[in-house]
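Engineer: Below are the structure tokens for one structure; questions will follow.
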Amino acid sequence: MSRVAVLGAGSWGTTLAVHLAQAEHEVRLWDIDSAHLDQIEGCRENRKFLAGIALPEGIKVQPKLEVALDGAEFTLFVVPSHGMRGCAERVAATGLSSQWVCAAKGLELGTLKRMTEVLAETLPGVEAVLLVGPSHAEEVSRGLPTSIVAAAASETQARRVQELCASPRLRVYTNRDVAGCEYGAGLKNVIAIAAGICDGLGYGDNTKGALLTRGLAEITRLGVALGGRRETFYGLTGMGDLITTAISRHSRNRLVGERLGRGETVEQVLAGMVMVAEGVNTAQAAYQLALQRGVETPITEQVRSILLERKDPRAALEALMARELKSEEWKGDTGRVAAQD
Ligand SMILES: NC(=O)c1ccc[n+]([C@@H]2O[C@H](COP(=O)([O-])OP(=O)(O)OC[C@H]3O[C@@H](n4cnc5c(N)ncnc54)[C@H](O)[C@@H]3O)[C@@H](O)[C@H]2O)c1
């Protein structure tokens with residue numbers, strides 16, 4: 001039995017807390033929003049982000065960060081990417097240490113850094129283990145079989161997190177390619193928005209199959225240029241997470257795209273969203289990374305234009321179809337000249 005701090009009481013943080021408490025670990029759940037924690041403690045249920053799932057007794061809702069962290073062997077960061085640095089800075093200010101675990105997916109706007117890079121900068125000393133994969137909170141919290149990945153350069157640290165989280169319902173693999181796992185899990189949210197746009201426009205299975213295949217080629221091209229291993233993108237955190245997100249009724253990123261495809265404006269879609277859709281910021285960050293590295297990312301470019309320049313979704317999809325004709329054969333890892341898409 002381990003003591004675990006979970007930072008972020010959203011749908012995924014609460015789900016991980018419930019999962020770990022069910023495995024007899026002692027869990028403290030903290031969030032920046034103390035009124036939200038009061039609501040959770042009041043009814044022992046997270047009605048805002050994970051309605052219908054009762055909190056096991058093993059979860060202590062803890063509004064004081066120092067108390068939540070004190071004595072924790074593992075600390076899970078499960079906050080949206082835009083809140084990661086601020087959250088990590090508050091943890092650093094306590095002077096307490098732990099095995100950090102990063103369960104968020106996304107890139108930091110401005111710095112374009114991965115979440116584990118943000119943690120490494122803010123909390124040097126202990127490498128954070130990345131915990132990502134195809135895992136919708138709505139399904140994990142109901143005990144539906146799921147597989148994810150614990151990634152770290154150190155196999156020993158990755159194994160510790162694997163053992164902490166694995167259960168008969170949650171199978172956890174290890175991987176040493178942190179960059180590959182993290183880019184796969186983050187960049188796929190942009191392609192999921194594009195898949196939702198196809199749904200909203202009423203396009204068919206042919207369109208979506210092609211979009212996901214070319215989307216994976218694009219994620220792989222950029223991810224390899226940024227230091228990930230090619231084969232990682234065909235694993236759970238790449239292809240696995242992409243398929244799950246792009247076909248799921250639970251995915252907020254796919255839903256953002258579907259509503260845009262049906263004709264709503266970006267403002268209308270985002271105004272009504274309680275939960276974070278990481279793909280919106282990731283589209284901008286990925287676009288900038290691709291420009292810096294000279295990597296072609298045509299789908300990401302169109303999604304970004306829809307989100308930031310209010311481009312008409314149908315025109316964006318038509319622009320993808322009307323691109324210069326190319327060979328599907330793979331000719332190289334990076335660069336506009338070598339990459340075939
Ligand atoms: N929901 C899922 O199924 C799922 C699955 C895997 C990974 N993730 C990833 O986990 C991360 C969190 O997603 P979520 O779905 O739980 O989000 P959410 O929108 O459901 O909840 C976010 C929570 O984080 C809190 N928060 C925001 N900024 C904070 C800060 N600076 N410090 C502490 N708490 C803060 C909010 O108050 C809220 O309670 C995202 O990166 C997401 O991509 C989500």
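Engineer: Going by the conditions given, is A51 closer than 22 Å to P134 by Cα and away from the ligand (no atom under 14 Å from the Cβ)?
Structural biologist: no
Engineer: Filter region 1-50 down to the residues that are part of a helix (DSSP H, G or I), open to solvent by less than 20 Å² (accessible area, probe 1.4 Å) and aliphatic (A, V, I, L, M) and list them by number.
Structural biologist: L16, A17, V18, L20, A21, L37, I40 - these are the residues of region 1-50 that are part of a helix (DSSP H, G or I), open to solvent by less than 20 Å² (accessible area, probe 1.4 Å) and aliphatic (A, V, I, L, M).
Engineer: Turning to a different aspect of this structure: Are there helices (runs of 4 or more DSSP H) fully within region 137-236 with at least 2 residues that are among the basic types (K, R), more than 30 Å from P56 (Cα to Cα) and not assigned by TED's automatic domain parsing to the domain that holds V79? List them.
Structural biologist: 205-225
Engineer: Of the residues in region 266-297, how many are away from the ligand (no atom under 15 Å from the Cβ), modelled with pLDDT of 95 or more and under 21 Å from the mean Cα position of the chain (by Cα)?
Structural biologist: 6
Engineer: Now a separate question. Any idea how many residues of region 301-329 are surrounded by 10 or more Cβ atoms within 10 Å (Cβ to Cβ) and either among the polar types (S, T, N, Q) or assigned to a helix (DSSP H, G or I) (or both)?
Structural biologist: Selection size over region 301-329: 16.
Engineer: Residues of region 102-112 being within 14 Å of the ligand (Cβ to nearest atom), out of contact with any Gly (no Cβ under 9 Å at 6 or more places or on another chain) and open to solvent by 20 Å² or more (accessible area, probe 1.4 Å), which ones?
Structural biologist: E108, L109
Engineer: Within region 67-88, can you find the residues that are within 14 Å of the ligand (Cβ to nearest atom), open to solvent by 20 Å² or more (accessible area, probe 1.4 Å) and not in a loop (DSSP other than H, G, I, E, B)?
Structural biologist: Scanning region 67-88 gives H82, G83, R85, G86.
Engineer: Among what's in region 244-265 and is in contact with a helix residue (DSSP H, G or I) (Cβ under 7 Å, 6 or more places away or on another chain) and among the β-branched types (V, I, T), pick the residue that is nearest to the ligand (Cβ to nearest atom).
Structural biologist: Checked region 244-265; the qualifying residue nearest to the ligand (Cβ to nearest atom) is T245.
The values are calculated or read from the model by the stated rules, or taken from the named source; none is laboratory data. Source: prediction; values computed, not measured. Cβ coordinates were reconstructed from backbone atoms using ideal geometry, including for glycine residues, and neighbour counts include every protein chain displayed. Heavy atoms of the whole protein, side chains included, go into the accessibility calculation; ligands, DNA and RNA do not. Shrake-Rupley method; radii C 1.70, N 1.55, O 1.52, S 1.80 Å.
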